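Okay, so here's the structure we're looking at.
The values are calculated or read from the model by the stated rules, or taken from the named source; none is laboratory data. Just so we're clear, the structure is a prediction, and the values are computed from it rather than from any experiment. Don't worry about glycine lacking a Cβ; one is built from the backbone with ideal geometry, like all the others, and counts go over all protein chains shown. Heavy atoms of the whole protein, side chains included, go into the accessibility calculation; ligands, DNA and RNA do not. Shrake-Rupley method; radii C 1.70, N 1.55, O 1.52, S 1.80 Å.
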Amino acid sequence: MTKTFQIKSFGCQMNVYDGERMAELLGAEGMVAAAPGADADVVVLNTCHIREKAAEKAYSEVGRLRRDDGSRPVIALAGCVAQAEGAEAKRRSKAIDLVVGPQAYHRLPQLLREVEAGARPVDTDLPPLDKFAALPARRRAGISAFLSVQEGCDKFCTYCVVPYTRGAEVSRPLGDLLIEAEQLVAGGTRELTLLGQNVNAWEDGSETLATLIRRLATLQGLERIRYTTSHPINMADDLIAAHRDVPELMPYLHLPVQAGSDRILKAMNRHHSADDYLRTLDRVRAARPDIAISGDFIVGFPGESDEDFEATLSIVRTVGYASAFTFKYSARPGTPAATMDGQLPEAVKDERLQRLQALVAEQSRAFNLSKVGAETRILIDRVGRKPGQMIGKSPWLQSVFVDSDARIGEMVDVRLTAALPNSLAGEVVTDSQEAA
Ligand code: SAH
Ligand code: SF4
Ligand code: F3S
């Protein structure tokens, strides 16, 4: 009988990408994805270790996989919790049949065979890039697809587990990326988001992320290119220039600063000051004035004073974000910040988070409002809930609702008519209206 599988990905977009590759891999082994809601023979939990809550979720998910009759699927713990905990994960939960890290999942079929033979294997080797050569060719992905171009991190921010769970910074070779991009575009992908924990540090010889983007922009059928996540110290001049010169490169930049106080940035080991960050954004905005800026923030880092936190609010006011992700500092085992003096009470973190989130929400509303009246193109990626309604993405990554008979994957010219809390409404601009 054909075996079924389910892959549940948590955490960042790199995990989403890895989840798709694992699905392709198991598909090539003759397994099929379980129907939504149906029990699967094998469940892969593709986990995230970034904050305590995310890591705990991995184990609560394991518990939820027990079926009413007391049986359970074969459970594979994958992703960053698997990497961080290794064999310890098997001790924490007897239900986990195998543990496989983010650089070893190409061996999943072999590991599943070992489980069938009665073993509980753990594979957390970190050989960079081996997996890509061992994975099957890309199948049809979505209209908008992810492409991991760079993995790992050498920055060692003092709060962060990623350098330990994903290993050292490595760039995939240009040739491999062009082949994978061509496969995706041939399968119908219209928008590529290039992924990396430090995507703007991608390099291959003299090639940089900017030259990679310029090459991808020549692919017939590829309408849009995005990339995430960037580190401020790797925001090179040629990448900034690409935002001015390459029409396929969307006016959106996710550039985390984490905090506004130089004292805290130093304790975080960010390698940049608040002013360095602001000057980088000045250069970006000079190249592409309409660019949407997004960011990540951590509140309540050890030793963060009221004054330090005010500096975070202040840098947010200066930048004017289109969107931002805000997090309460979470002490992670093995990271330097976890043992620093001045760990803050939960209540202080909660209060700061609320104030920061209110400010970010206000900015994001203001950004959406500033686009009302503009004419732009959207890439249709979903069917709306109302009859005749379709949903697409603006260049600035806002969802736009529009009444249109366009199909998924088509580009539609719209006029933005209203700002909703987390999206925009638009109307189709027809040629006749344009001529009028
Ligand atoms: N490589 C990316 C993303 C890293 S993880 C970057 O450097 O920007 C995504 C975000 O999670 C980080 O930007 C940071 O804001 C947050 N984060 C990482 N570790 C954290 C921790 N220990 N507690 C709270 N937030 C954390
Ligand atoms: Fe983590 Fe810092 Fe590396 Fe980003 S740059 S992945 S926050 S260590
Ligand atoms: Fe989480 Fe690993 Fe991504 S820790 S954020 S899944 S790199």
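Explain nothing, just the number: dipole magnitude of the range 222-291 about its Cα centre with +1 on each Lys and Arg Cβ and -1 on each Asp and Glu Cβ, in debye rounded to the nearest 20.
240 debye
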>> Rounded to whole Å, give me the distance from the Cα center of the range 60-122 to that of the range 387-415.
In response: 41 Å
>> Rounded to the nearest 5, what % of DSSP beta bridges with both residues in the chain are antiparallel?
In response: 35 percent
>> Restricting to DSSP loop positions (anything but H, G, I, E, B) with no more than 16 other Cβ atoms inside 10 Å of their own Cβ, which GluC sites (Glu not before Pro) remain in the range 1-73?
In response: GLU29
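So if I place +1 on the C-beta of Lys and Arg and -1 on the C-beta of Asp and Glu, and nothing else carries charge, what would the dipole magnitude of the range 130-370 be about its Cα centre? I want it in debye, nearest 20.
Values: 27 positive and 32 negative charges, 124 e Å.
Here the size comes out at about 600 debye.
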> Of the heavy-atom accessible surface of the chain (probe 1.4 angstrom), what whole percent is carbon and sulfur?
Replying inline: 51 percent
> If you find the alpha carbon centre of the range 346-368 and of the range 244-285, how far apart are they in angstrom?
Replying inline: 19 Å
> Considering only ILE75, VAL400, GLY19, whose Cα is most displaced toward the positive end of the charge dipole of the chain, charges sitting on Cβ of Lys, Arg (+1) and Asp, Glu (-1)?
Replying inline: ILE75
> So which cysteines in the chain don't have a second cysteine's C-beta under 4.7 Å from them?
Replying inline: CYS12, CYS48, CYS80, CYS153
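Using the heavy atoms of the protein chains alone and a 1.4 angstrom probe, what is the accessible area of the chain per residue in square angstrom?
On the way: 19030 Å² over 436 residues.
Per-residue value: 44 Å².
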> 222 nm [θ] for the chain, helices only, -39500 (n - 2.57) per DSSP H run of 4+, per residue, to 500?
Replying inline: -10500 deg cm²/dmol
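Name the trypsin sites (Lys or Arg not before Pro) in the range 305-391 that are in a loop by DSSP and that have at most 10 other C-beta atoms within 10 Å, would you? Show your work: numbers first, answer last.
Details: sites: ARG317, LYS328, LYS349, ARG352, ARG355, ARG365, LYS371, ARG377, ARG382, ARG385; in loops: LYS371, ARG385.
When the trypsin sites (Lys or Arg not before Pro) of the range 305-391 are filtered for loop state and at most 10 Cβ neighbours within 10 Å, ARG385 remain.
Of the trypsin sites (Lys or Arg not before Pro) in the range 16-120, which ones lie in a loop per DSSP and count no more than 14 other C-beta atoms within 10 Å? Spell out each step's value before the answer.
Working: sites: ARG21, ARG51, LYS53, LYS57, ARG64, ARG66, ARG67, LYS90, ARG91, ARG92, LYS94, ARG107, ARG113; in loops: ARG51, ARG66, ARG67, LYS94.
Within the range 16-120, the qualifying trypsin sites (Lys or Arg not before Pro) (loop, at most 14 other Cβ atoms within 10 Å) are ARG66, ARG67, LYS94.
Provide ASP154, ASP405 ordered by accessible surface of protein heavy atoms (probe 1.4 Å), highest first. Provide the component values of the computation, followed by the final result.
Numbers: ASP154 80, ASP405 150 Å².
Of ASP154, ASP405, the descending order of accessible area is ASP405, ASP154.
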> How are the Cα pair distances of the chain distributed, in percent, across 10 Å bins from 0?
Replying inline: 4, 19, 28, 28, 17, 4, 0, 0
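Once you charge only the Cβ atoms, +1 for Lys and Arg and -1 for Asp and Glu, what is the size of the charge dipole of the chain about its Cα centre, to the nearest 20 debye?
Values: 52 positive and 59 negative charges, 165 e Å.
In debye, rounded to 20, the chain gives about 800.
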> Could you give the semi-axes, largest first, of the ellipsoid that matches the range 130-370, computed as the square roots of 5 times the alpha carbon gyration tensor eigenvalues and rounded to whole Å?
Replying inline: 33, 21, 16
>> What is the distance in Å between the Cα centroid of the range 1-26 and that of the range 157-233?
In response: 20 Å
